[in-house]
Amino acid sequence: MLQSKYPGTRIMYADFYSHVYDMVKSPSSYGFSTNLRACCGAGGGKYNYQNSARCGMAGASACGNPSSSLSWDGIHLTEAAYKKVADGWLNGAYCHPAILS
């Protein structure tokens, strides 16, 4: 419908959720050593997350290799994870049609 209304446009479907879900399910397949444990935080425990001690607050510290983590601060992905999402959109694994097609 939109394509016929705006013939000069290119309509694409980009799926963020499925790509992130796949990375959480199988982090090592994407080059990550952890999936839900925050790289930067002060919470300790399984997820290294505590809302009152988030990344940037007193007592919080970052892991030594953020590129090996999926989660930056328990809320946001790391730069490496966002790059995987962008690659999935550009090359078509999670975007139809692929942006670079």
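Each reported figure results from applying straightforward, stated rules to the coordinates on display, with no laboratory input. These numbers come from a predicted model, not from an experiment. In this analysis, Cβ positions are derived from the backbone assuming ideal geometry, glycine residues included, and neighbour counts consider all displayed protein chains.
Label-to-label distance, N91 versus S33, with points set 7 angstrom from Cα along the beta-carbon direction: 2.4 nm. Taking the longest Cα principal axis of the chain as reference, the axis of helix 79-91 is set at about 10 degrees.
The stretch between I75 and Q3 holds 22.4 nm of extra length on full extension. This uses 0.36 nm per residue minus the Cα-Cα distance. When the label point is put 7 Å from the Cα of Y82 along its Cα-to-beta-carbon vector, which residues of the range 27-41 have a backbone N closer than 16 Å? Within reach of a label on Y82, which here means backbone N under 16 Å from a point 7 Å along Cα→Cβ, the range 27-41 contributes 39-40.
Roughly what percent of Cα-Cα pairs across the range 53-101 reach past 14 Å? When every Cα pair of the range 53-101 is considered, 59 percent fall beyond 14 Å. The magnitude of the dipole of the chain, with charges of +1 and -1 set on the Cβ of Lys/Arg and Asp/Glu and taken from the Cα centre, is near 100 debye.
The calculated FRET efficiency for the pair D22 and N51, based on their C-beta separation and a Förster distance of 25 Å, comes to about 0.40.
With contacts taken as Cα pairs under 8 Å and at least 6 residues apart, the range 1-86 reaches a relative contact order of 24 percent.
Peptide packing: for 21-27, 60-66, 5-11, the average count of neighbouring Cβ atoms within 10 Å per residue gives the ranking 21-27, 60-66, 5-11, highest mean first. For the chain, the mean residue ellipticity at 222 nm estimated from helices alone is -7500 deg cm²/dmol, where every DSSP H run of n ≥ 4 contributes -39500 (n - 2.57) and the total is divided by all residues, rounded to the nearest 500. The peptide list 89-98, 49-58, 69-78, put in order of mean Cβ contacts within 10 Å with the highest first, becomes 69-78, 89-98, 49-58.
Axis of helix 16-25 versus longest Cα principal axis of the chain: the two differ by about 40°, to the nearest ten degrees.
Across all directions, the shadow cast by the convex hull of the chain built on its C-alpha atoms averages 8.2 square nanometres.
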